[in-house]
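K.L.:
This is the structure I want to talk about, given as structure tokens.
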Amino acid sequence: TQLLEQSPQFLSIQEGENLTVYCNSSSVFSSLQWYRQEPGEGPVLLVTVVTGGEVKKLKRLTFQFGDARKDSSLHITAAQPGDTGLYLCAGATLNTGNQFYFGTGTSLTVIP
Amino acid sequence: NAGVMQNPRHLVRRRGQEARLRCSPMKGHSHVYWYRQLPEEGLKFMVYLQKENIIDESGMPKERFSAEFPKEGPSILRIQQVVRGDSAAYFCASSPLRGRDYGYTFGSGTRLTVV
């Protein structure tokens, strides 16, 4: 079983559309991070959220951490082909010590 | 300032051989983490090291796998007597402080293929 469930698993949209991807768990996280990974490369950190209800914006990307710190969402406005990639959430719980658990990701394709 | 450097990028080994994967963390980063990514699976934690110390190896298979981060030089992930199931992408990440609080900087990975 996965500690972090991401949905949808695959998403294909047209350039200019908006989208939201989700990261859910039954566990409470002390911190949660979002990464983007392109084929053949390592993940690149986008944001870290630590406070329940926190919202962070990074240009066209909006990240929200759930009030109970069990879930998170990533919203992309006016998607561009350069947004194409695998979006991964990763979280650490109070009980997992040094382990950072990664979800299996949402594979996003933005069609020009 | 170079990022996290991993080499080789691609490694092919025959069953039974040894694989040695190297990782040089970002300058100023003293925390190193190794993760394995299998096709259709997420990144799985293997080991967390600081200079000359293994802090957490709870994700490492009990046999054939070992890791070190010496005082001088890169961190090494060593897999002895490789089997086909070891084929995967192995990623190293580093952080200046504990990564779970500050986030990781990942390398580009080493893709191990066991034939």
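Throughout, read-outs are computed from the coordinates displayed, never taken from laboratory work. Note that the structure is a prediction, hence the values are computed from the model and not measured. Cβ placement follows ideal geometry from the backbone for every residue including glycine, while neighbour counts extend to all protein chains displayed.
K.L.:
Just a yes or no: is a residue in the range B:11-18 under 29 Å from A:Leu3 (Cα atoms) and surrounded by 14 or more Cβ atoms within 10 Å (Cβ to Cβ)?
P.N.:
For the range B:11-18, residues under 29 Å from A:Leu3 (Cα atoms) and surrounded by 14 or more Cβ atoms within 10 Å (Cβ to Cβ): absent.
K.L.:
Provide a single number: the residues in the range B:74-94 that are among the polar types (S, T, N, Q) and surrounded by fewer than 21 Cβ atoms within 10 Å (Cβ to Cβ).
P.N.:
3
K.L.:
Only one of B:Ser108, B:Ser94 is within 12 Å of another protein chain (Cβ to nearest Cβ), part of a loop (DSSP other than H, G, I, E, B) and within 20 Å of A:Tyr35 (Cα to Cα). Can you tell me which?
P.N.:
B:Ser108
K.L.:
Residues of the range B:1-19 being within 12 Å of chain A (Cβ to nearest Cβ) and not in a loop (DSSP other than H, G, I, E, B), which ones?
P.N.:
B:Met5, B:Gln6, B:His10 - these are the residues of the range B:1-19 that are within 12 Å of chain A (Cβ to nearest Cβ) and not in a loop (DSSP other than H, G, I, E, B).
K.L.:
Is one or more of the residues making up the range B:82-91 charged (D, E, K, R), under 30 Å from A:Glu5 (Cα atoms) and in a strand (DSSP E or B)?
P.N.:
There is no residue in the range B:82-91 that is charged (D, E, K, R), under 30 Å from A:Glu5 (Cα atoms) and in a strand (DSSP E or B).
K.L.:
Another question, then. Which of the residues belonging to the range B:37-73 are surrounded by 18 or more Cβ atoms within 10 Å (Cβ to Cβ) and more than 11 Å from every other protein chain (Cβ to nearest Cβ)?
P.N.:
Correct list: B:Met60, B:Phe65, B:Ala67, B:Phe69.
K.L.:
Are there any pairs, at least 6 apart or on different chains, whose C-beta atoms fall under 7 Å, with the first in the range A:52-70 and among the small types (Gly, Ala, Ser) and the second surrounded by 17 or more Cβ atoms within 10 Å (Cβ to Cβ), and if so, which?
P.N.:
The qualifying pairs are A:Gly52/A:Phe65; A:Gly52/A:Gly66; A:Gly52/A:Arg69; A:Gly53/A:Phe65; A:Gly66/A:Ser72.
K.L.:
Oh, and also: Scanning the range A:15-38 for residues that are within 14 Å of another protein chain (Cβ to nearest Cβ) and touching a Pro at 6+ places or on another chain (Cβ under 6 Å), which turns out surrounded by the most Cβ atoms within 10 Å (Cβ to Cβ)?
P.N.:
For the range A:15-38, the residue satisfying everything is A:Tyr35.
K.L.:
Checking the condition in a loop (DSSP other than H, G, I, E, B) and in contact with a strand residue (DSSP E or B) (Cβ under 6 Å, 6 or more places away or on another chain), which residue from A:Ser31, A:Ser27, A:Ser73 passes?
P.N.:
A:Ser27
K.L.:
Taking the range A:49-72 as the search range and keeping residues that are among the β-branched types (Val, Ile, Thr) and farther than 14 Å from A:Ser31 by Cβ, which one is surrounded by the most Cβ atoms within 10 Å (Cβ to Cβ)?
P.N.:
A:Thr62
K.L.:
Hey, does the range A:50-60 have a residue that's part of a strand (DSSP E or B), within 28 Å of B:Pro39 (Cα to Cα) and not small (Gly, Ala, Ser)?
P.N.:
No, the range A:50-60 contains no residue that is part of a strand (DSSP E or B), within 28 Å of B:Pro39 (Cα to Cα) and not small (Gly, Ala, Ser).
K.L.:
Now for a different question. Which of the residues spanning the range A:55-112 are of a type in the set (Gly, Ala, Ser) and more than 10 Å from chain B (Cβ to nearest Cβ)?
P.N.:
Residues satisfying the conditions are A:Gly66, A:Ala68, A:Ser72, A:Ser73, A:Ala78, A:Ala79, A:Gly82, A:Gly85, A:Ser107.
K.L.:
Something else about it: Exactly one condition in (1) among the charged types (D, E, K, R); (2) more than 13 Å from every other protein chain (Cβ to nearest Cβ); (3) surrounded by fewer than 16 Cβ atoms within 10 Å (Cβ to Cβ) is false for B:Arg22; which is it?
P.N.:
(3)
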